Each structure stands twice: as C-alpha cells, then as structure tokens.
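**Student:** Would you mind keeping the following structure in view while I ask a few things?
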Amino acid sequence: VQLQASGGGLVQPGGSLRLSCAASGSSFSSRSTGWFRQAPGKEREFVAAILWNDGSTIYVDSVKGRFTISRDNAKNTVYLQMASLKPEDTAVYYCAAMRAGQAYSREYTQYDYWGQGTQVTVSS
C-alpha cells in the first residue's frame, strides 16, 4: 500500500484546509486509516482515525469539533477537513493505514503504511 498526502499549505488562524490521502494497492476499503501530525521538536501526535468497516471515527481532544476525518472507498482516498485552525495546529501531517481488518488505533506504532507528510502552517 502506498499513500500520498496532499492539501497542506499556509492558512490564517480561523481558516480551513482539507487534506487528502490517496492510496494505491490492495484492500484499501478494509484498512482503518488515520492522520497524525508532528510539530518541530515534538513527538508524533495522533489526530484522527476512521474504522474500516462502519466508518466510526475518533479524534484527539484538541481537534474535536474542528476536524473531520472521512473516506471515499471508490476513490481510495481519506480526507481530513480542518476548520477553525489555530497556530498550534501547525505541523507536518501524515496519513497512515493499518493492516487489513484491524480496528483503528491512537498509537502510531499500530500503523504499517505511511504517506510522506504534508506541511500545514497556521499563521497570520
């Protein structure tokens, strides 16, 4: 499975961005997927994940109500819609996928496939 993240950029506080993660390879529809982020000097942080079978979602508390993860299996793509962005959301954002049939996780060690990362900068 190969993942390609895109959609990052520079946005003012309060603005919105939508990240996309396009997947190639087999069994994407049966893989739980997630988004993580890493700011300079900080550890990689879980942001959101979506369960492969029923589309259930989980979020880190700091983005609840502002970010929405979704997926389009027909397009083999996962999205992260980000709204009301704050300077503390600035980071490189990574998409990740798990082995087929696994439940989602907040732990990055549980994900086997990673995209290359896309930079999100929130600044005025």
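Computed from the coordinates by the stated procedures, all read-outs in this text should not be read as laboratory data. Quantities reported herein were computed from a predicted structural model and do not represent experimental measurements. Neighbour counts run over all protein chains shown; Cβ positions are idealised from the backbone, glycine included.
**Student:** Being touching a residue at least 40 places away in the same chain (Cβ under 8 Å) and among the basic types (Lys, Arg) narrows it down to one residue among LYS86, LYS64; which is it?
**Tutor:** On inspection, the qualifying residue turns out to be LYS86.
**Student:** Moving on to the next point. Identify the residue in the stretch 94-124 that is under 11 Å from the mean Cα position of the chain (by Cα) and small (Gly, Ala, Ser) and, among all such residues, is surrounded by the fewest Cβ atoms within 10 Å (Cβ to Cβ).
**Tutor:** GLY117
**Student:** Just the residues that are assigned to a strand (DSSP E or B) and surrounded by fewer than 13 Cβ atoms within 10 Å (Cβ to Cβ), please, taken from the stretch 10-23.
**Tutor:** The one that is assigned to a strand (DSSP E or B) and surrounded by fewer than 13 Cβ atoms within 10 Å (Cβ to Cβ): LEU10.
**Student:** Can you tell me which residue among ARG99, ARG66 is of a type in the set (Lys, Arg) and under 18 Å from ASP112 (Cβ atoms)?
**Tutor:** Every option except ARG99 fails the conditions.
**Student:** Need at least 2 residues that are among the charged types (D, E, K, R) per element, so show me which strands (runs of 3 or more DSSP E) inside the stretch 35-116 make the cut, counting only ones lying wholly within it.
**Tutor:** It comes to 67-72.
**Student:** Can you spot a residue in the stretch 24-46 that is over 19 Å from TYR108 (Cα atoms), surrounded by 16 or more Cβ atoms within 10 Å (Cβ to Cβ) and over 14 Å from the mean Cα position of the chain (by Cα)?
**Tutor:** Among the residues of the stretch 24-46, not one is over 19 Å from TYR108 (Cα atoms), surrounded by 16 or more Cβ atoms within 10 Å (Cβ to Cβ) and over 14 Å from the mean Cα position of the chain (by Cα), which makes the answer no.
**Student:** In the stretch 33-58, what count of residues is obtained for those that are in contact with a Lys or Arg (Cβ under 9 Å, 6 or more places away or on another chain) and either among the aromatic types (Phe, Trp, Tyr) or touching a residue at least 40 places away in the same chain (Cβ under 8 Å) (or both)?
**Tutor:** Here the count works out to 13.
**Student:** Would you pick out the residues in the stretch 47-93 that are buried (at least 17 other Cβ atoms within 10 Å of the Cβ) and of a type in the set (Lys, Arg)?
**Tutor:** If the condition is that a residue be buried (at least 17 other Cβ atoms within 10 Å of the Cβ) and of a type in the set (Lys, Arg), then ARG71 is the only one that fits.
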